[in-house]
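Notes follow once the structure below has been shown.
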Amino acid sequence: MSVPTPEHAGPAVTSGTLAAPVHDDRARASLEALRSEIAKAVVGQDPAVTGLVVALLCRGHVLLEGVPGVAKTLLVRALAASLELDTKRVQFTPDLMPSDVTGSLVYDARTAEFSFQPGPVFTNLLLADEINRTPPKTQSSLLEAMEERQVTIDGSPRPLPDPFLVAATQNPVEYEGTYPLPEAQLDRFLLKLTVPLPTREDEINVLTRHADGFNPRDLKAAGIKPVAGTADLEAARAAVAKTSVSPEIAAYVVDICRATRDSPSLTLGASPRGATALLSTARAWAWLTGRDYVIPDDVKALALPTLRHRIQLRPEAEMEGVTADSVITAVLAHVPVPR
């Protein structure tokens, strides 16, 4: 099975370490088919596609960042079309209210009672489009949903469906009309995936598809069909949960996160939640590549997308051109790798 290395990953997983197929091969095949279906609509964004699959396996949420026009929304819509799951989309705007996302109590004059009208968050896959174009008050309406998998309305908790995944897109914060996501909300996202501009070859491929009649608003016509559902996800998640982690690998993850806290370029390093997230994504990546155990390269491969949004740069470092990715890359180069 060919699995592309996640974006800006460390060294690719060495081919000599693959074991015999483990756990549920059918579940793995369904997720590989999921990636193939998405590729029918989205060209050249394999790392982001892989990140979405990893998030599904880990019950995590994904933040996709890129300039307008690089197919962030199309990527999530293609994922939704490839899954036998309920999906909804919310376009985040400056005037969007929290109740527009979570739902609200509505008075029924016929019964003289209030009834709950569920918002779009009550779904399996929520596309939060341009999440940073709405003020923090509305952004925070997703905090409880993302962390607790429930929404509290008028003191009553209301559970969300399972599975539940928020796939949010955002424009770079330098763009006009954006509100930076608060640190607490950023930490609720398992992965932050950057969606870059396509290469020249990929962009030619995109234009060729459009010239041949591809319509991004009609994914059925593009041949995308559901290839995985709840049962496949549950089987895959059960297999990932059995992927073994040695004490040396656990210590390696902790050492990476602790090293970010000591970096002179940062005011905030990765928290223990970040270490837990990195271990979780590394296990999912190991299972996707056909192993039932985690190796250091799995940790390296997922370190950037798992940690880049959990650290904060010092203003002076940012002015010198230091980035979150460069800090994490330096940490990976200096932390001893277990043998």
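Some observations on this one:
- Residue among Gly51, Gly44 that alone is at pLDDT 90 or above and out of contact with any Gly (no Cβ under 8 Å at 6 or more places or on another chain): Gly51
- Unique residue being at pLDDT 95 or above, among the hydrophobic types (A, V, I, L, M, F, W, C) and farther than 22 Å from Gly51 by Cβ when the list is Val254, Val245, Val299: Val254
- Among residues of region 128-175, those that are of a type outside the set (D, E, K, R) and not in a helix (DSSP H, G or I), counted: 25
- Filtered by the rule that a residue be assigned to a strand (DSSP E or B) and open to solvent by 60 Å² or more (accessible area, probe 1.4 Å), region 78-127 gives Lys88, Arg89, Gln91, Leu105, Val106, Tyr107, Glu113, Phe114, Gln117, Pro118.
- Entry remark, region 176-186: residues being touching a helix residue (DSSP H, G or I) at 6+ places or on another chain (Cβ under 9 Å) and either surrounded by fewer than 18 Cβ atoms within 10 Å (Cβ to Cβ) or assigned to a loop (DSSP other than H, G, I, E, B) (or both) number 7 in total.
- Yes/no for Arg200 being under 24 Å from Cys58 (Cβ atoms) and without any contact (Cβ under 8 Å) to a residue 12 or more places away in the chain: no
- Counting the residues of region 316-339 that are loosely packed, with under 11 Cβ neighbours inside 10 Å and in a loop (DSSP other than H, G, I, E, B) gives 4.
- Taken together, Ser30, Ser2, Ser36, Ser15 contain a single residue that is at pLDDT 55 or above and out of contact with any helix residue (DSSP H, G or I) (no Cβ under 8 Å at 6 or more places or on another chain), which is Ser36.
- A search for C-beta distances below 7 Å between a residue of region 228-246 that is at negative phi and polar (S, T, N, Q) and any residue that is in a helix (DSSP H, G or I) and open to solvent by 10 Å² or more (accessible area, probe 1.4 Å), counting only pairs 6+ apart in sequence or on different chains, returns Thr243/Arg283.
- Filtered residues of region 288-304 (kept if open to solvent by less than 30 Å² (accessible area, probe 1.4 Å) and either out of contact with any helix residue (DSSP H, G or I) (no Cβ under 9 Å at 6 or more places or on another chain) or within 12 Å of Val245 (Cα to Cα) (or both)): Arg291, Val294, Ile295, Pro296, Asp298, Val299
- One residue from Val101, Val49, Val67 being touching a strand residue (DSSP E or B) at 6+ places or on another chain (Cβ under 8 Å) and touching a residue at least 24 places away in the same chain (Cβ under 8 Å): Val101
- Qualifying residues in region 187-218 (those that are outside any helix (DSSP H, G or I) and basic (Lys, Arg)) - the one least open to solvent (accessible area, probe 1.4 Å): Lys192
- Some residue of region 267-280 being in contact with a Leu (Cβ under 6 Å, 6 or more places away or on another chain), surrounded by fewer than 24 Cβ atoms within 10 Å (Cβ to Cβ) and not in a strand (DSSP E or B): yes
The values are calculated or read from the model by the stated rules, or taken from the named source; none is laboratory data. As the structure is a prediction and not an experimental result, all values here were calculated from the model. Glycine gets a Cβ as well: all are built from the backbone with ideal geometry, and neighbour counts include every protein chain shown. Accessible surface is based on the protein model in full, side chains and every heavy atom, while ligands, DNA and RNA are left aside. Shrake-Rupley method; radii C 1.70, N 1.55, O 1.52, S 1.80 Å.
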